[in-house]
Amino acid sequence: MANPITIRTALSDVNPVSEEHSLIEVPLNGKINLRGNPDNAAFIEGVENALGLALPPVANAVTSSTDLRIFWLGPDEWLIHLPLEAVNEKIHALREALVNQHVAITEVSDYFSVLELSGPQAREILASASPFDTRPQHFKTGQCTQTRFGHASILLWPLDKTPGFGLQIRWSYAQYIHQYLTQSIHNAEALKTFQLNN
């Protein structure tokens, strides 16, 4: 009998952080990059019919359902997160719905890794290497942004659990960012312990 295929990621061999703060890699999910003309009503309608979910209506917004999440990346570009096993079906549905339109539909499932950071000082931990203002009055659930963390570009969004954030990063930077965040978590927790004891 053939051995089952083991799906590995950039951080398969890295232990998650599970202390007062949590840093985990999300199991590999499907990702589709979509480009098209948002001024074309047929494009907007076709995408919604194919996915069962509308594109984000404004810049830096996210729409989501039980199984899908769509991120606004630019005026004519979106990223779709979905179950890995549904990728081929949804790509086929998009191509059928958008036939004869000028679009690009590209699977990028194994190009990115997704981390989730949560805990009481998650904002301060992100601020250790990112210039983006994640305070809740500026960055709310349902929004996303492309910014930097250290030397890497990331896609960042608030999680439903507050404070918590999702980070999508290129695989080549995954270990670098995980190590940086892990050290920032340890620093934040050590500082809190020191302050409590003095």
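Read-outs: derived from the displayed coordinates by stated rules, not from any lab. Since the model is a prediction, treat every value here as computed from it, not as a measurement. Heads up, the Cβs are rebuilt from the backbone with ideal geometry, glycines too, and the neighbour counts pull from every protein chain shown.
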Self-check item: Euclidean distance of C-alpha centroids, segment 107-137 and segment 169-188, integer Å
Solution: 10 Å
Quiz item: Where is the GNM fluctuation largest for the chain (alpha-carbon springs, 10 angstrom cutoff): Ala104, Ala61, Ala152?
Solution: Ala104
Exercise. Compute the acute angle (0 to 90°) between the alpha-carbon long axis of helix 41-51 and the principal axis of greatest extent of the alpha-carbon atoms of the chain; round to the nearest 10°.
Key: 70 degrees
Self-check item: Karplus 3J(HN,Hα) series, Hz, for segment 23-35 with 6.51 cos²θ - 1.76 cosθ + 1.60 (x for Gly, Pro)
Solution: 9, 10, 8, 6, x, 3, 10, x, 9, 10, 8, 10, 10
Practice problem: Go through Leu94, Pro75, Gly52 and say which Cα lies farthest out towards the positive end of the charge dipole of segment 29-109; charges sit on Cβ, +1 for Lys and Arg, -1 for Asp and Glu. | Solution: Pro75
Quiz prompt | Counted charge near Arg148, where neighbours are those whose Cβ lies closer than 14 Å (Asp, Glu -1; Lys, Arg +1) | solution = 0
Quiz item: Taking other Cβ within 10 Å of each residue's Cβ, how do Ile32, Ile7 sort, fewest first?
Solution: Ile7, Ile32
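If you place +1 on the Cβ of every Lys and Arg and -1 on the Cβ of every Asp and Glu, how big does the dipole about the Cα centre of the chain come out, in debye to the nearest 20? Could you put the intermediate results ahead of the total?
Numbers: 13 positive and 20 negative charges, 76 e Å.
It comes to approximately 360 debye.
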Practice problem: Quick one: angle between helix 171-196 and the longest Cα principal axis of the chain, in degrees between 0 and 90, rounded to 10, please. | Solution: 40 degrees
Quiz item: Each residue of segment 91-96 in turn: what ³J(HN,Hα) in whole Hz from Karplus with 6.51, -1.76, 1.60 and θ = phi - 60°, glycine and Pro shown as x?
Solution: 5, 4, 5, 5, 5, 5
Quiz item: Hey, got the Cα dimensions of segment 1-125 along the principal axes, in Å, largest first?
Solution: 50, 49, 22
